[in-house]
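First comes the structure, then the notes that go with it.
The values are calculated or read from the model by the stated rules, or taken from the named source; none is laboratory data. Here the structure is a predicted model, which means the values were calculated and not measured. FYI the Cβ positions are ideal-geometry reconstructions off the backbone, even for glycines, and counts take in every protein chain you see. For accessibility, only protein heavy atoms count, side chains too; no ligands or nucleic acids. Shrake-Rupley method; radii C 1.70, N 1.55, O 1.52, S 1.80 Å.
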Amino acid sequence: MWTIVGSACAVLSVVIALIAIKLGTAGTADGSGMVSGGLEPTHSTSAPPTTEEPTGDPTTEEPTEDPTTEEPTEDPTTEEPTEEPSPTPTRIPLLYRSSGTSFFDCDSEGEIASTLGGSVIQWRITNDSRVRLHVYYLGTDGLRRDERTLDPGDHINFTTMHTGHIYLFARTNASCSKIIRVDDDSVRATTTIMDDD
């Protein structure tokens, strides 16, 4: 009888061993590859999950230079401004206000001359203009004789002036501005020169 029990136990051991082997090849239900008998884990046929470095999000890549927003280049049409030449000052017209005198146009130069023998009078000339003037005495031959310069704001007092004498007023370039003659019947003469603007 013990022989029968021993045989049954051996068969039972073989069956249990077969069941254990079968369970080992099938794996567990949770897919872990382990069996309750502590067998070696089996290798999964599926590829292991990759752990590659994350690549940059294409929507958040480093901005590239936009050709439409390039650095502004120097526009050749906007060159450094060149210094404009200073405008030539216009000829300032002059106005002569006078008493006890007569006026002549500059075209009369060379045709008129001073006369001698007139009475002695005083003649005050004031330059209230911005123009520097030269005063010339036109002699009895009608030629200029340099008398003096009359700067802006200056005046001249002729105390021994004789009637009949003629004076020419010229700008600094010697161009005639006005010719004035002291009248024969004058007792006192005055002339004021102003800018006519």
Looking only at the range 129-141, and only at residues there that are out of contact with any Lys or Arg (no Cβ under 9 Å at 6 or more places or on another chain) and surrounded by fewer than 15 Cβ atoms within 10 Å (Cβ to Cβ), the one that is nearest to Thr163 (Cα to Cα): Thr140
Subset of the range 108-125 that is open to solvent by less than 30 Å² (accessible area, probe 1.4 Å) and assigned to a strand (DSSP E or B) - its residue that is modelled with the lowest pLDDT: Ile121
Any hit, the range 94-101, residues being crowded, with 17+ Cβ neighbours inside 10 Å, in contact with a Phe, Trp or Tyr (Cβ under 9 Å, 6 or more places away or on another chain) and in a loop (DSSP other than H, G, I, E, B): yes
Identity of the residue in the range 102-130, of a type in the set (Ser, Thr, Tyr) and over 18 Å from Asp196 (Cβ atoms), that ends up farthest from the chain's Cα centre (by Cα): Ser119
Checklist (1) acidic (Asp, Glu); (2) within 12 Å of Ser119 (Cα to Cα); (3) modelled with pLDDT of 90 or more applied to Asp185, failing item: (3)
Subset of the range 159-182 [surrounded by fewer than 17 Cβ atoms within 10 Å (Cβ to Cβ), in a loop (DSSP other than H, G, I, E, B) and among the hydroxyl-bearing types (Ser, Thr, Tyr)]: Thr172, Ser175
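Suppose we filter Asp154, Asp185, Asp196 for residues that are more than 18 Å from Glu111 (Cα to Cα) and either open to solvent by less than 30 Å² (accessible area, probe 1.4 Å) or touching a residue at least 60 places away in the same chain (Cβ under 8 Å) (or both); which single one remains?
Asp196
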